[in-house]
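Have a look at the structure below, then the notes.
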Amino acid sequence: MDRGEFEKLVAEAIDEIPDEFLARLKNVAIVVEDEPNNEQLRKLKLRSDLTLLGLYEGVPLTQRNSYTMALPDKISIFKNSIELVAHTPEAIKKLVQDTVRHEIAHHFGSGEFGAKKAANNK
């Protein structure tokens, strides 16, 4: 799948998030990356038999006290990882939707929102 098509799937998945959550999704950048970088993998200490589909980096709303002048939180959706796990356009779309919801849930303080969807076996 080309990058433009994949980015469209991510945008559609974001649009499917209920408005009451989108309204509270402030100071969060959602980006598409090909794959996690070495620093992200090092911080997570991810086992080599797992594939990282998405990653939330930031301070969840439930842990914020005074939160001013902060860089945006970041949600990365990893294109190559998702395509490695899902092999059809329909499966890719579903996995993108699940991954976007999962990572947004982390922003709201949920540690478990279908955690298996964030790190799947290869």
Only one of (1) at negative phi; (2) under 15 Å from the mean Cα position of the chain (by Cα) does not apply to Arg64, and that is (2)
Answer residue from segment 87-104, given it is of a type in the set (A, V, I, L, M, F, W, C) and within 9 Å of the chain's Cα centre (by Cα) and is surrounded by the most Cβ atoms within 10 Å (Cβ to Cβ) among those
Val96
Would you mind telling me which numbered condition in (1) over 27 Å from Lys8 (Cα atoms); (2) within 15 Å of the chain's Cα centre (by Cα) Val59 fails?
(1)
A careful count of residues in segment 62-100 that are within 14 Å of Val10 (Cβ to Cβ), touching a residue at least 24 places away in the same chain (Cβ under 8 Å), touching a Leu at 6+ places or on another chain (Cβ under 8 Å) and of a type in the set (A, V, I, L, M, F, W, C) gives 7
Selection from segment 32-50 of residues that are touching a helix residue (DSSP H, G or I) at 6+ places or on another chain (Cβ under 6 Å) and either closer than 19 Å to Ala105 by Cα or modelled with pLDDT under 90 (or both)
Val32
Taking segment 86-119 and keeping only residues that are within 24 Å of Arg47 (Cα to Cα), modelled with pLDDT under 95 and hydrophobic (A, V, I, L, M, F, W, C), one is left with Ile104, Ala105, Phe113, Ala115, Ala118, Ala119
Could you give me the residue pairs with C-beta distances under 8 Å whose first residue belongs to segment 31-44 and is under 19 Å from Ala13 (Cα atoms), whose second residue is of a type in the set (Gly, Ala, Ser) and outside any helix (DSSP H, G or I) wherever it lies, and which are 6+ apart or on separate chains?
Val31/Ser76; Val32/Ser76; Glu33/Ser76
Scanning segment 56-83 for residues that are modelled with pLDDT under 95 and hydrophobic (A, V, I, L, M, F, W, C), the one nearest to Arg42 (Cα to Cα) turns out to be Val59
Is there a residue being of a type outside the set (S, T, N, Q) and surrounded by fewer than 12 Cβ atoms within 10 Å (Cβ to Cβ) anywhere in segment 54-62?
no
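So which strands (runs of 3 or more DSSP E) are wholly in segment 16-95 and hold at least 3 residues that are more than 15 Å from Met1 (Cβ to Cβ) and of a type outside the set (D, E, K, R)?
Once the strands (runs of 3 or more DSSP E) in segment 16-95 are filtered for at least 3 residues that are more than 15 Å from Met1 (Cβ to Cβ) and of a type outside the set (D, E, K, R), what remains is 28-33, 50-52, 54-57.
The values are calculated or read from the model by the stated rules, or taken from the named source; none is laboratory data. Fair warning: this is a prediction, and the values are worked out from it, not measured in the lab. All Cβ positions, glycine included, derive from the backbone under ideal geometry; neighbour counts span all protein chains shown.
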